[in-house]
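The values are calculated or read from the model by the stated rules, or taken from the named source; none is laboratory data. Keep in mind the model is a prediction, meaning the values are calculated, not measured. In this analysis, Cβ positions are derived from the backbone assuming ideal geometry, glycine residues included, and neighbour counts consider all displayed protein chains.
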Amino acid sequence: MPLPTAELHLHIEGTLEPELAFELAARNGVTLGYADTGELREAYRFQDLQSFLDLYYALMAVLRTERDFEDLANAYLARAAAQGVRHAEIFFDPQAHLARGVPMATVVEGLWRALGRSRENHGVSTRLIMCFLRDESAESAMRTLKEAEPFLDRITGVGLDSAEVGHPPVKFREVYEAAAALGLRRVAHAGEEGPPEYITEALDVLGVERIDHGLRCLEDPRLVERLVRDRVPLTLCPLSNVRLRTVDTLADHPLPAMLEAGLVCTVNSDDPAYFGGYAGDNLDAVRAGLGLTEDRLRELARNSFLASFLDDDEELRARYLAEVEAYEFG
Ligand code: ADE
Ligand code: ZN
């Protein structure tokens, strides 16, 4: 039995496995430009974040109907459940779909068909987090937030993703203020490829409660001190960092040093179909590759539930935390 964990950094579009991509392409009459799943997998050699994003956005062409989004989410939830995920806070990128003529309702209602029944069907509780593409304009993000207003009963929070460098958090100050006024929780990618200043800005200007990635905080000891003192959770994605060359090899990943420094780290999968593993695979990889002790692994799992937005269901959170404490490593 795998260690129970919460997944807090997961792009649902990044769970599109090649097999499902071809199935949806056939269903929707979309041509993928790859002969088969093998040839598509060959394209999964990335130099950096942008080279991944190019393929990630291109493959979204196969997602057209509510059923497509439902199938995508159900496939993820089944895989996640099998790897110990008990709770998932799931990102989606509406602007990438709106730009292709797929309405907000199709995306949200399609995802909700799976998420709304996830506890019964998969034993996984869920939340939905709508991300803004930071390489699009602030006006586009604001229009997207407006379009999401009819669906806010299904959306817990907002996030910020896509190409980081050159798109600092401050660009989205007003959008995040508007999101906060609507009662939405706030997170943002920062310090993946961007500098530590983006982490500080995400906290001070956008008012985020968690930092997605945050790896580059290590370049600024005073920022590390602050993150430790304020117990700001970082949603790390070790296999993603290797594939996008943020670190050279898994053995070079600073996770052990970050835990040692007292940072509130969690381990997540980011875009598991592209980066070689789901949440449990990431935990297995850091256990084997970084020599983390059982106490450290339990700490990571505990952190994930504490950092989650389950403060609207403390009873459920307590149940998950009890499972973590009772877990016996094999
Ligand atoms: N969108 C999907 N995955 C992402 C990542 N790792 N960083 C930024 N944007 C993303
Ligand atoms: Zn991400």
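Of note:
- The residue that is farthest from ligand 2 (Cβ to nearest atom), among those in region 234-254 that are in contact with a helix residue (DSSP H, G or I) (Cβ under 6 Å, 6 or more places away or on another chain), part of a helix (DSSP H, G or I) and not small (Gly, Ala, Ser), is Leu250.
- Within region 285-297, the set of residues being without any contact (Cβ under 8 Å) to a residue 12 or more places away in the chain and crowded, with 16+ Cβ neighbours inside 10 Å comprises Arg287 only.
- Filtered by the rule that a residue be buried (at least 21 other Cβ atoms within 10 Å of the Cβ) and over 19 Å from Ile90 (Cβ atoms), region 172-195 gives Phe172, Val175, Tyr176, Ala190, Gly191, Gly194.
- Residues considered: His122, His167. Of these, the only one that is at pLDDT 95 or above, within 16 Å of ligand 2 (Cβ to nearest atom) and farther than 17 Å from His9 by Cβ is His167.
- Helices (runs of 4 or more DSSP H) (entirely within region 1-81) containing at least 2 residues that are within 13 Å of ligand 1 (Cβ to nearest atom) and either without any contact (Cβ under 8 Å) to a residue 12 or more places away in the chain or surrounded by fewer than 20 Cβ atoms within 10 Å (Cβ to Cβ) (or both): 49-59
- Just one residue in the set Leu290, Leu259, Leu215, Leu223 is within 16 Å of ligand 1 (Cβ to nearest atom) and aliphatic (A, V, I, L, M); that residue is Leu215.
- Hits in region 255-298 (condition: touching a strand residue (DSSP E or B) at 6+ places or on another chain (Cβ under 8 Å) and part of a helix (DSSP H, G or I)): Leu255, Met258, Leu259, Pro272, Ala279, Gly280, Asn282, Leu283, Val286
- Extreme residue, nearest to Tyr198 (Cα to Cα), among residues of region 223-233 that are part of a loop (DSSP other than H, G, I, E, B) and not basic (Lys, Arg): Val232
- Members of region 133-160 that are crowded, with 21+ Cβ neighbours inside 10 Å and part of a loop (DSSP other than H, G, I, E, B): Arg134, Ile155
- Test: residue in region 295-318 that is of a type in the set (A, V, I, L, M, F, W, C) and within 16 Å of ligand 2 (Cβ to nearest atom): yes
- Odd one out for Glu89, checked against (1) within 16 Å of ligand 2 (Cβ to nearest atom); (2) free of Cβ contacts under 8 Å to residues at least 24 places away in the same chain: (2)
- Residue within region 34-42 that is closer than 26 Å to Ala105 by Cβ and not charged (D, E, K, R) present: no
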